[in-house]
Amino acid sequence: MTATDLIPADADMTVMTVEQAQAAVQRYREITRGALGADDWQGPPGEPGSFIKKQGWQTIAKAYRVSTSIVADEAVYDTDGRIVRSRAVVRAVDPDGRSREATGYCSIDEPGRRSSPKAEHDVRATAVTRAENRAISNLAGIGQVSAEEADGPAADERHTNGASGGPLPGWAREAPDAADVADWLAAILEAAGAPTSQVMAVGTAIYDSCGHVPVIVADVLALLAAIVRREPDPEPEPEV
């Protein structure tokens, strides 16, 4: 079973209920993670602090027939011609034509890079690998940091707010109540007069930007949903 099996090709997404959308997304994630074996993980599979390896992302790409291509591969060198850092952009495309691009970085200052006899190759290859893994992740909608990102700073992709290679601060970590986010979004969109079918579009935009739903985003959405759902104060009785 693939992601495209979740919803019939001729289904009208605009008439899906919030519950149906939540169920489809949850099932999609379960199928995607189910395609991975123990060797595809760095650490206990699926546990906090564990990461999907490059071979795992390749498994996911094959499962969904995702192809990737390098859009940009750039490097910066010092005055002696030694590599300083590398930046790569990779595009992932699925059979339906949906695509996502992601950027990966690698620096010579990461542990073990500078002393490597093949430092230039390692730095450039790692930047490409990180970009490719993230592009596949964005397209698959998993929002999972790859093992290659976890091994180095990759602050641009991990949104560590400048904490080079350190753990995400609490407000930026993945919200545990992501299933409720769709419900909160639907309430907010409905109150604004927008179609609730846009829940998936908004959710995708959040994942594309952050790789997951951060705690702070979930908290803000919960607060706004509570406000729009609040019963209005009763109108005062007219004076006679």
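In region 24-80, which residue that is polar (S, T, N, Q) and at pLDDT below 75 is surrounded by the fewest Cβ atoms within 10 Å (Cβ to Cβ)? That would be Q26.
With E132, E120 as the choices, which residue is touching a residue at least 12 places away in the same chain (Cβ under 8 Å) and over 30 Å from A35 (Cα atoms)?
Result: E120 is the single residue among E132, E120 that is touching a residue at least 12 places away in the same chain (Cβ under 8 Å) and over 30 Å from A35 (Cα atoms).
For the structure I just gave you, tell me whether D122 is surrounded by 18 or more Cβ atoms within 10 Å (Cβ to Cβ), touching a Leu at 6+ places or on another chain (Cβ under 9 Å) and over 16 Å from V71 (Cβ atoms). Spelling it out, it is not the case that D122 is surrounded by 18 or more Cβ atoms within 10 Å (Cβ to Cβ), touching a Leu at 6+ places or on another chain (Cβ under 9 Å) and over 16 Å from V71 (Cβ atoms).
Quick one: would you say I108 is of a type in the set (A, V, I, L, M, F, W, C) and closer than 29 Å to V181 by Cα? So I108 fails the test. Scanning region 82-101 for residues being touching a Leu at 6+ places or on another chain (Cβ under 9 Å) and aliphatic (A, V, I, L, M) gives a total of 2. A192 meets all of the listed conditions (1) modelled with pLDDT of 75 or more; (2) more than 23 Å from I136 (Cβ to Cβ); (3) crowded, with 17+ Cβ neighbours inside 10 Å; (4) not charged (D, E, K, R) but one, namely (3). If only residues of region 64-82 that are of a type outside the set (V, I, T) and in contact (Cβ under 8 Å) with a residue 24 or more places away in the chain are counted, the one that is nearest to S107 (Cα to Cα) is A75.
Being at pLDDT below 70 and either closer than 13 Å to V18 by Cα or in contact with an Asp or Glu (Cβ under 6 Å, 6 or more places away or on another chain) (or both) is the requirement here; does T204 meet it? Answer is no for this residue.
The values are calculated or read from the model by the stated rules, or taken from the named source; none is laboratory data. None of the values given here were measured: they were computed from a predicted structure. Backbone-built Cβ (ideal geometry, glycine too); neighbour counts: all protein chains shown.
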